[in-house]
Every structure is written in structure tokens, then in C-alpha cells.
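Heads up: the structure comes next, in C-alpha cells.
The values are calculated or read from the model by the stated rules, or taken from the named source; none is laboratory data. In this text, all values refer to a predicted model and were calculated from it rather than measured experimentally. Methodologically, a virtual Cβ is constructed for each residue, glycine included, from the backbone with ideal geometry; neighbour enumeration extends over all protein chains shown.
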């Protein structure tokens with residue numbers, strides 16, 4: 001293969017059980033980022049050579065077609081063999097409250113289709129705004145306790161549009177090092193001075209802030225999407241305010257889950273009014289698609305004209321907006337959904353701990369299963385699927401090199417039996433690869 005080695009052979013992780021690591025799996029996308037010569041297509045041929053070998057060797061595990069709704073059990077098509085794996089335990093979906101497939105949500109979508117058709121067919125600033133979009137924005141503003149909300153086509157575009165729409169060259173943005181790629185891309189697009197502070201280390205944040213005079217923005221996440229821990233928001237706010245910095249919190253994985261009313265981690269700490277900019281998404285707990293920013297009316301009015309990722313995109317589909325509105329209504333009417341989710345989170349954490357599964361510092365419904373073997377994580381994912389579990393493998397650049405993992409998502413819809421079965425399968429497979437020191441027999445049921 002025409003690739004450049006990114007690391008010396010002795011620096012690579014040792015092969016786990018299963019024999020020699022296929023040569024293709026010793027490389028990844030990072031080996032094909034730069035190419036020599038003047039042709040923009042210079043890397044296509046060596047990449048194609050690698051992909052022809054790596055895809056059947058295991059890289060196919062990404063983007064496997066689900067055959068129905070993201071319920072707790074799913075059928076998945078194996079794109080390597082064409083086989084349909086039936087009745088897999090689904091720990092891959094962000095559908096944390098099980099709302100995406102609720103009958104009431106589907107009926108709301110159907111009714112909206114009769115009224116609006118399929119898509120918005122226009123930018124929100126031109127013909128792409130419909131009455132239901134205004135209803136959703138107003139309803140969300142009430143829910144978040146903010147003056148106004150602006151809706152974006154995706155959560156990614158919300159971060160991109162807000163950060164680049166607000167900050168300018170010469171300003172300073174300091175983000176947690178584990179901030180989402182959309183935050184990073186928004187920082188790049190803004191052309192502001194961009195810095196990162198070590199994860200949840202406020203002393204490092206302070207060092208970055210105190211060296212700068214001018215406009216400053218600090219960015220954190222509520223729940224960190226690859227580690228499942230939460231921002232140390234009280235300390236971050238104290239340091240940020242002392243140095244005159246505004247604060248943005250991305251609550252993609254924590255809105256509708258944390259806080260007394262489900263507003264997020266900021267509410268959880270009683271700091272809702274101290275945070276300047278609140279970002280959220282519809283694609284997780286509400287089971288829809290899109291993103292939003294909540295804040296003061298002055299902020300929202302300004303971003304309406306300067307958030308290019310919204311200004312020049314089509315508005316979200318009105319049928320999706322209808323489903324989100326209904327999901328929000330169910331969420332507020334059924335607080336037991338969150339209670340059930342938190343009970344499931346606590347139970348699954350206890351089961352994985354019994355089995356010796358390494359989950360880092362997770363304290364949420366996002367549970368990293370730490371493999372730390374870039375060459376083997378996809379092979380292990382294939383073994384998990386064969387044994388009955390569908391779960392997402394994660395490698396660099398989503399996480400640092402040699403910090404590969406599976407990201408488990410817990411749902412309120414999971415039964416105790418499904419959690420127990422999933423924990424046993426995961427523990428058993430990881431034990432075969434030398435990752436779990438204990439045996440699956442140590443996992444005990446409390447369901448009788």
C-alpha cells in the first residue's frame with residue numbers, strides 16, 4: 001500500500017487475542033490526510049488501495065443500515081456479508097427517552113405532512129419559515145426560560161453558526177479540549193484566536209484567559225459526548241466571569257435529561273441564568289433532527305443575521321418540527337421518562353462495574369467502554385454484533401490515538417432484562433480480548 005507510517009512499529013499497541021492484526025487495520029484515515037504533489041486528488045489512489053483491503057477487514061462497521069426505528073432491539077444489515085443481524089440489543093442510539101418512535105409522535109408527523117408536505121423548500125430568512133417553526137421556537141424559549149430561541153437545521157450548524165456569527169478575528173475563544181468537532185470548526189471559521197484548556201482543568205483555563213485583553217468566549221459541553229462526564233460548570237463560570245469572558249454551553253447530550261425541569265447541566269448546578277449562550281439539539285432526547293440556540297432577544301436577533309450556517313441553509317422540515325413539538329409535549333407530561341432513564345443509567349453502571357468493564361469517569365447515559373486498542377476495536381465490534389449487541393466503535397480523530405472505545409447509550413426504553421443481557425455479552429466479549437479482568441459470571445440480576 002502506498003501509505004506513510006504515522007508511528008514506529010514498536011509504538012503500536014500489541015495485538016489482542018485473535019492472532020495477527022490485518023495490515024490494513026494498522027492504518028487509519030490519518031495516514032491519508034496529506035499527499036505529495038500538486039494534484040488535489042493525489043491521495044485518492046493510495047486511499048482506494050487501503051480501503052479495498054480495510055473495508056472487508058473491519059472498517060465496514062461504520063454506517064451499518066438499520067432496518068427500522070432505533071428501538072431497544074434492532075435489525076442491522078452487515079454491509080460486508082449482506083447478512084441481516086436480527087434482534088440486536090441496541091446501545092448505539094441517542095434516542096435516550098425512546099420518543100422518536102412513539103405513536104403520538106408519528107401521528108403528529110403524519111398530520112403535518114398533510115398540511116405542509118415534506119420539506120421547507122427554502123432558507124429560513126426567505127421562504128423556508130413556516131408557522132410551525134415559530135411555534136417550536138416559542139415553545140422552546142418557554143421551556144428553556146429564555147427570551148428567545150433560534151432554530152438551526154442541525155446541532156452541528158448551530159455551534160458553527162453561533163460561534164462564527166459572534167466572534168471575530170482578534171477575539172479569543174477558549175474551549176475545553178474535548179469539545180465537539182462542530183465547536184472546533186466554528187472556532188476555525190470565526191478566525192478568532194483559538195485556544196484549548198485541559199479537560200475540566202480550570203487552572204489551565206485561567207492561564208489562557210488572563211494573558212488576553214479583548215473579547216473572550218469560553219466554550220464547554222454539558223455532558224461530554226465521548227467520555228460521559230459533565231462540565232465543572234461552577235468553577236468554569238467563576239473563572240470566566242472574573243476575566244470578563246462570555247460562556248457558551250453545548251447541552252446536546254444533557255438537555256431534556258439534567259436539571260429539575262430537564263433544561264440541562266446549567267440548571268442542574270442552578271446556574272441557568274449565569275450562562276450566556278445555551279446550545280441544544282433535537283436529535284438526541286427528542287428523537288428528531290436539528291439544533292437551537294437559546295439566550296437573550298438581543299443575542300438571537302443578532303445571530304439571525306450573522307449565523308451563516310442557518311442563513312444559507314434550508315429550514316428544518318416542518319414534519320420534523322411537528323414531531324419535535326409532540327415529543328416535547330410528551331417529555332413535559334411524563335417526568336417518569338427521565339426517572340426511568342436515570343434508574344437504567346445507575347443499573348447499567350453497576351452491572352458494568354461488576355463485570356470489570358472500564359468506563360472511565362462516566363456519570364451519565366453516555367458510557368464509554370474503553371478498549372484503548374485502535375487496531376482491534378473494530379474487530380471487537382464485529383464480535384459484539386455476532387453475539388447480539390449493536391454498539392458504536394470510536395477511533396481517532398473522534399478520540400485521541402490509542403484511546404479507542406465503544407460509546408454506549410442508555411435509554412429509558414431499555415428493560416432491566418435487556419440491560420443485564422447486554423452487560424453479560426459485553427463483558428464476555430471483552431474478557432476474550434483481555435480487556436475485562438473478571439468473568440461475566442460476576443454479573444448478578446436484581447430482576448428475579
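On the basis of being free of Cβ contacts under 8 Å to residues at least 24 places away in the same chain and in the same structural domain as residue 278 (by TED's automatic domain parsing), does residue 163 make the cut? Considered against the rule, which asks whether it is free of Cβ contacts under 8 Å to residues at least 24 places away in the same chain and in the same structural domain as residue 278 (by TED's automatic domain parsing), residue 163 comes out as no. Here residue 64 meets the list (1) at pLDDT 80 or above; (2) assigned to a loop (DSSP other than H, G, I, E, B); (3) loosely packed, with under 14 Cβ neighbours inside 10 Å almost entirely, failing just condition (3). Of all residues in segment 1-58, those that are outside any helix (DSSP H, G or I) and either at pLDDT below 50 or in contact with a helix residue (DSSP H, G or I) (Cβ under 7 Å, 6 or more places away or on another chain) (or both) total 19. Restricting 221, 203, 235, 274 to those that are more than 21 Å from residue 170 (Cα to Cα) and free of Cβ contacts under 8 Å to residues at least 12 places away in the same chain reduces the list to 203.
Quick check: is even one residue across segment 329-337 in contact with a helix residue (DSSP H, G or I) (Cβ under 9 Å, 6 or more places away or on another chain), within 28 Å of residue 59 (Cα to Cα) and surrounded by fewer than 17 Cβ atoms within 10 Å (Cβ to Cβ)? The answer is no; no qualifying residue exists.
For segment 286-318, a tally of residues being more than 23 Å from the chain's Cα centre (by Cα) and surrounded by fewer than 24 Cβ atoms within 10 Å (Cβ to Cβ) returns 13.
Of all the criteria given as (1) surrounded by fewer than 18 Cβ atoms within 10 Å (Cβ to Cβ); (2) modelled with pLDDT under 95; (3) within 25 Å of the chain's Cα centre (by Cα), the one not satisfied by residue 448 is (3). The residues listed here are 325, 341; of these, the one that is under 22 Å from the mean Cα position of the chain (by Cα) and within 18 Å of residue 112 (Cβ to Cβ) is 325.
Residues are listed down the side, and each one gets a yes or a no for (1) surrounded by fewer than 15 Cβ atoms within 10 Å (Cβ to Cβ); (2) out of contact with any helix residue (DSSP H, G or I) (no Cβ under 6 Å at 6 or more places or on another chain):
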position	(1), (2)
95	no, yes
102	no, yes
108	no, no
112	no, no
118	yes, yes
127	yes, yes
132	no, no
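Considering (1) in a strand (DSSP E or B); (2) more than 18 Å from the chain's Cα centre (by Cα), the lone condition that residue 175 does not fulfil carries the number (2). Restricting attention to segment 195-203, does a residue exist that is in a helix (DSSP H, G or I) and within 19 Å of residue 361 (Cα to Cα)? Looking through segment 195-203, at least one residue is in a helix (DSSP H, G or I) and within 19 Å of residue 361 (Cα to Cα). Looking across segment 380-403, just one residue is at pLDDT below 95, farther than 28 Å from residue 183 by Cβ and surrounded by 23 or more Cβ atoms within 10 Å (Cβ to Cβ), and that is 380. Of everything in segment 110-155 that is in a helix (DSSP H, G or I) and touching a strand residue (DSSP E or B) at 6+ places or on another chain (Cβ under 7 Å), the residue that is farthest from residue 311 (Cα to Cα) is 144.
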